[in-house]
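The structure appears right after this line, and notes come after that.
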Amino acid sequence: MIDRRQFLRMGATAVSMGVLSRALRAANADRPAYVDMHTHIGTYTNGNKELTAADLLKWMDEHHIEKAIVLPLVSPESTTYLQTPEFVLRETKPHRDRLIPFCSLDPRAHLSGGQEGINGIIKKYVEQGAHGFGEHKVGLDIDDPLMLRIYEGCSEAGIPLLFHMDNIRGKDKPGLPGLERVLSAFPKLNFIGHGPGFWASISGDVDQKGLGGYPTGPVAPGGALDRLMAKYSNLFCDLSAGSGSNAISRDLAFGKEFLIRNQDRICFGTDYLQPGQEVPQFQVFEEQLELPANVFAKIARGNALRLVERPA
Ligand SMILES: [Zn+2]
C-alpha cells in the first residue's frame with residue numbers, strides 16, 4: 001500500500017487527474033464519509049440533462065458520500081426548470097436514509113395568506129419530511145420585508161435555511177449589512193450561506209461587482225464572513241459550487257485557516273445537479289488542503305448532520 005504523500009509524489013504525469021483523484025479517494029477510504037450539504041435532482045438549466053435520485057445515489061457511492069441534502073428550487077430567478085418541494089419529497093421518500101429533503105417557497109407566492117399562511121405551508125412540509133428550507137434563491141434583497149416572512153416561518157418551524165447570494169438573488173451590499181440585519185433579527189434561525197456574494201465576502205476588499213463573481217488572488221483581511229461568523233452563532237457556511245471552492249482555493253493558506261477558525265459551522269457541499277458535472281471540492285479537500293483529522297470530520301459530515309437533525 002502506498003500512502004497519500006507517496007502517491008502525490010508520483011505526480012500527475014503518468015496518470016490523468018481523474019484517475020489520480022479516484023485513487024486518492026480510495027486511499028482516503030479510512031476517512032469519514034462525506035455528508036453533502038447541497039445537491040439537486042431533476043433538470044436544472046439543460047433540458048437534456050436530467051439527474052434522477054438513482055443517478056445521485058450512484059454518484060454518491062462513487063465519491064464516498066454517505067448522505068446528501070436535496071434542495072428544491074422554486075423561484076423564477078433560481079433555474080430554468082423548477083424543482084418543486086413536492087417532487088423532492090416524493091423522489092427522496094424511498095431513500096430517506098441517505099437523501100435528506102429540504103423544502104422551499106417563494107415569498108412572493110401566497111401573499112394573501114400572510115405570515116400565518118406561510119408558517120402553515122412550511123410546517124406542513126416539515127411534517128412531510130423536510131429537514132430544512134432552501135435553496136432559498138430569490139430575486140429580492142436578502143433583508144427584503146417579504147424575505148423576512150420566510151425567515152419567520154423557518155424560525156417558527158425550527159428548521160435551518162440555506163440561501164444563495166449574488167447580485168441577482170438574495171442581494172446585499174459589500175460588508176453584508178443586510179445579512180447582518182437578518183442574523184440579528186432571527187437569532188434562533190440557523191442561516192447557511194452559499195453563492196458568489198456570500199463567498200466573495202471572505203475578502204475585505206470585495207466591491208459590489210465582486211459580489212456577483214468569483215474574485216481570484218489573495219484574500220484581503222477584514223472580510224465580512226469572519227466578522228459575521230465571530231459575532232453570530234446562527235451563521236453557517238456551505239462550501240458548495242464554484243463559489244465555495246474558489247473562496248478556499250484562491251488563497252489556500254488563508255482558506256485553511258478560515259476553515260480551522262470556523263470549524264464548527266462550515267459544511268462540505270458540492271451543488272451536484274447534472275450528470276457528468278465536475279466537482280472541484282474533492283480535489284481541494286483531498287489533495288490541496290491538509291486539514292487536521294478532527295476538523296475534516298466536522299466539516300465533511302458532523303456539522304451538516306447536527307444542522308439537519310429534526311426538532312424533537
Ligand atoms: Zn444549488
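The values are calculated or read from the model by the stated rules, or taken from the named source; none is laboratory data. Predicted model, so just to flag it, every value in this text is computed and none were measured. Note that we place each Cβ from the backbone using ideal geometry, even for glycine, and neighbour counts take in every protein chain shown. We work out accessible area using only protein heavy atoms, side chains counted, and drop any ligands, DNA or RNA first. Shrake-Rupley method; radii C 1.70, N 1.55, O 1.52, S 1.80 Å.
Before moving on, here are some points about what is shown:
- Extreme residue, nearest to PRO85 (Cα to Cα), among residues of the stretch 36-60 that are of a type in the set (Gly, Ala, Ser) and open to solvent by 30 Å² or more (accessible area, probe 1.4 Å): ALA54
- Residue in the stretch 82-93 that is open to solvent by 10 Å² or more (accessible area, probe 1.4 Å) and within 14 Å of the ligand (Cβ to nearest atom) present: yes
- Selection of the stretch 167-208 for residues being in contact (Cβ under 8 Å) with a residue 60 or more places away in the chain and open to solvent by 10 Å² or more (accessible area, probe 1.4 Å) yields ILE168, ARG169, ASN190.
- Residue match in the stretch 118-136 (condition: within 16 Å of the ligand (Cβ to nearest atom), touching a residue at least 24 places away in the same chain (Cβ under 8 Å), touching a Lys or Arg at 6+ places or on another chain (Cβ under 8 Å) and closer than 26 Å to GLY212 by Cα): no
- Scan of the stretch 214-227 for residues that are aliphatic (A, V, I, L, M) and buried (at least 21 other Cβ atoms within 10 Å of the Cβ), ordered by number: VAL219, ALA224, LEU225
- Residue that is nearest to the ligand (Cβ to nearest atom), among those in the stretch 30-63 that are part of a loop (DSSP other than H, G, I, E, B) and closer than 12 Å to THR270 by Cβ: HIS40
Here is a yes/no grid of residues against (1) under 15 Å from GLN208 (Cα atoms); (2) assigned to a strand (DSSP E or B); (3) away from the ligand (no atom under 16 Å from the Cβ):
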position: ILE159; (1), (2), (3): no, no, yes
position: PHE163; (1), (2), (3): no, yes, no
position: ASP166; (1), (2), (3): yes, no, no
position: GLY175; (1), (2), (3): yes, no, yes
position: VAL182; (1), (2), (3): no, no, yes
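- Residues of the stretch 110-143 that are open to solvent by less than 40 Å² (accessible area, probe 1.4 Å) and closer than 14 Å to SER75 by Cβ: PHE133, GLY134, GLU135, HIS136, LYS137, VAL138, GLY139, LEU140, ILE142.
- Tally, over the stretch 256-280, of residues that are closer than 17 Å to SER240 by Cβ and touching a strand residue (DSSP E or B) at 6+ places or on another chain (Cβ under 9 Å): 15
Matching residues to (1) modelled with pLDDT of 95 or more; (2) within 16 Å of the ligand (Cβ to nearest atom); (3) open to solvent by 20 Å² or more (accessible area, probe 1.4 Å); (4) more than 20 Å from LEU211 (Cα to Cα):
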{"position": "ALA230", "(1), (2), (3), (4)": "yes, no, yes, yes"}
{"position": "LEU235", "(1), (2), (3), (4)": "yes, no, no, no"}
{"position": "GLY242", "(1), (2), (3), (4)": "no, yes, yes, no"}
{"position": "ILE260", "(1), (2), (3), (4)": "yes, no, yes, yes"}
{"position": "CYS267", "(1), (2), (3), (4)": "yes, yes, no, yes"}
{"position": "GLY276", "(1), (2), (3), (4)": "no, no, yes, yes"}
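- Filtered residues of the stretch 87-117 (kept if more than 30 Å from ASP61 (Cα to Cα) and without any contact (Cβ under 8 Å) to a residue 40 or more places away in the chain): ASP106, ARG108, ALA109, HIS110, LEU111, SER112, GLY113, GLY114, GLN115, GLU116, GLY117
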